[in-house]
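Undergrad: Dropping a structure here in C-alpha cells format, bear with me for questions.
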Amino acid sequence: MTGLLAVEGISKRFTVSRGIGGGTATVHAVDDVSFSIAAGETLGLVGESGCGKSTVGKMIVRLLEPDEGRIRLDGADVTHASYRAMRPLRRKVQMIFQDPNGSLDPRQRAGDIVEEPLIVHGLGNAAERRRRVADLFARVGLRPDQMGNVPSKFSGGQRQRLAIARALALQPSLIVADEPVSALDVSIQAQVVNLMADIQKEFGLAYLFVAHDLGVVQHISDRVAVMYLGRIVEIGGTAAVYHRPSHPYTRTLMEAVPRPDPARRHSRVRVPRGEVPSPLDPPPGCTFHPRCPIATDICRRERPLLRRVASGAQAACHHAE
C-alpha cells in the first residue's frame with residue numbers, strides 16, 4: 001500500500017468482564033482492517049454504531065495500540081513507535097473528536113487551547129503564536145476577540161470550529177475526524193462540513209472522516225469504506241459505493257438514505273433480519289451471513305476477502321456479482 005497513510009491488517013481486541021462470577025471475555029472490536037489514504041484525499045468510514053470505526057481512528061493517532069497489523073504515516077512505521085518517536089510525527093496527524101464539550105478543557109481560554117500545540121512543539125515566540133491563533137480563529141469563522149472566552153461561552157457549532165482550529169494549528173497532513181458533526185444541529189452540520197471541505201482545498205489536507213450519516217459522507221468523501229462488525233465489507237469510490245453497492249449490507253445502508261426528490265418513488269427498505277451479532281462471539285465465515293438474504297453454505301463456512309467487483313469497488317462477499 002502507498003500513500004500518506006497506509007493501514008495494513010490492523011486488529012484490536014478488548015478484554016471485558018462478564019459480570020459477577022462470569023469471568024472475562026474478548027471483544028473483537030477491529031478485525032484485519034486495511035486501507036490507504038493519499039495526500040489531499042478524503043476517505044469516509046461508515047457503519048452502524050459499535051462496528052469499530054472510531055477504534056480504527058484512535059489507533060491511527062495512537063490513542064489506542066493495535067494488537068496486530070501495521071500503520072505507516074508518510075512512509076514511517078508508527079505502529080508501536082515510542083512516545084519520543086511519535087512526538088514529531090504528531091505534527092502530521094491530528095484528530096477532531098465527536099463531542100467538543102469533552103475534548104476542550106473547560107478551564108482554558110479558547111486562545112490558549114489553540115495555542116497549546118504550538119507551545120508543546122516549540123513553534124514561534126509568544127507574539128508569533130498569538131498572531132497564528134488569531135488567523136486560525138478568523139479562518140474557521142470565529143472572531144479573534146473571542147480568544148479570551150472559555151468554551152462554555154461558545155455554541156456547539158462554535159466549539160467544534162474551535163476544535164478544528166486546534167487541529168489546524170500544527171499544519172498537519174492528515175486529520176482523523178471522528179463523527180465531527182453528529183453532536184450538532186442539522187443546519188450547523190452543513191456549515192461545519194462545508195468549512196472542512198474549504199479548509200481541505202486551501203491546505204491540501206487528507207481526511208479520514210468517520211461517520212454514520214451517509215449523506216454527510218457522500219458530500220465530502222472521495223472514497224468510502226463500509227464497516228460491519230469490525231471488518232471492512234466494501235471500499236471504493238464514492239459514486240461506485242453509493243450508486244452501485246455490491247455487498248448486501250452496503251445495499252441496505254444505501255436504501256435507507258433519504259432522497260429529497262418528491263418525484264422519485266422509493267422502494268421499500270429491506271431491513272436485515274435479526275440483530276447484529278455480539279462482537280464477543282462473532283459468527284464464522286462472513287459476519288453478515290446470519291442477517292443476509294442471499295447467504296449460502298459457503299458464507300457460513302468461509303470468510304470472504306475483499307475483491308474487485310464490476311463497479312470498480314472492492315467487496316467482501318462471495319455473491320457480490
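Undergrad: For the chain, what does the helix formula give at 222 nm: sum of -39500 (n - 2.57) over DSSP H segments with n ≥ 4, over the residue count, nearest 500 deg cm²/dmol?
TA: My calculation for the chain gives -9000 deg cm²/dmol from helical runs alone.
Undergrad: So, in nm, how far is label Arg13 from label Met86 when the simple model puts each one 7 Å beyond its Cα toward the Cβ?
TA: Label-label distance for Arg13 and Met86, simple model: 2.2 nm.
Undergrad: Treating the beta-carbon of each Lys and Arg as +1 and of each Asp and Glu as -1, no other charges, what is the dipole magnitude of the chain about its Cα centre, to the nearest 20 debye?
TA: In debye, rounded to 20, the chain gives about 160.
Undergrad: In a GNM of the chain with a 10 Å cut-off on Cα contacts, which of His243, His212, His289 has the highest mean-square fluctuation?
TA: His243
Undergrad: Further question on the same structure: Return the percentage of antiparallel bridges among DSSP beta bridges fully within the chain, rounded to the nearest 5 %.
TA: 60 percent
Undergrad: Using per-residue counts of other Cβ atoms within 10 Å, averaged over each peptide, order 194-203, 79-88, 151-160 from highest down.
TA: Ranked by mean Cβ neighbours within 10 Å, highest first: 151-160, 194-203, 79-88.
Undergrad: Give me the distance in nm between label points sitting 7 Å out from Cα along the Cα-to-Cβ direction at Glu275 and His319, one decimal.
TA: Taking the simple label geometry, Glu275 and His319 are separated by 2.5 nm.
Undergrad: Sticking with this structure for a sec: Using modelled backbone amide H atoms (1.01 Å from N, in-plane), which distant-in-sequence or interchain residues come within less than 5 Å of Ile96's amide H?
TA: Result for Ile96 returns Val176, Ala177, Asp178.
Undergrad: Karplus couplings for segment 151-168 from phi (6.51 cos²θ - 1.76 cosθ + 1.60, θ = phi - 60°), rounded to Hz, Gly and Pro as x?
TA: Karplus values, whole Hz, x for Gly and Pro: x, 5, 7, 9, 6, x, x, 5, 5, 6, 4, 4, 5, 5, 4, 4, 5, 7.
Throughout, read-outs are computed from the coordinates displayed, never taken from laboratory work. Small disclaimer: the values here were computed from a predicted structure and weren't measured. Quick reminder, even Gly has a Cβ in these numbers, built from the backbone with ideal geometry, and neighbours come from all protein chains shown.
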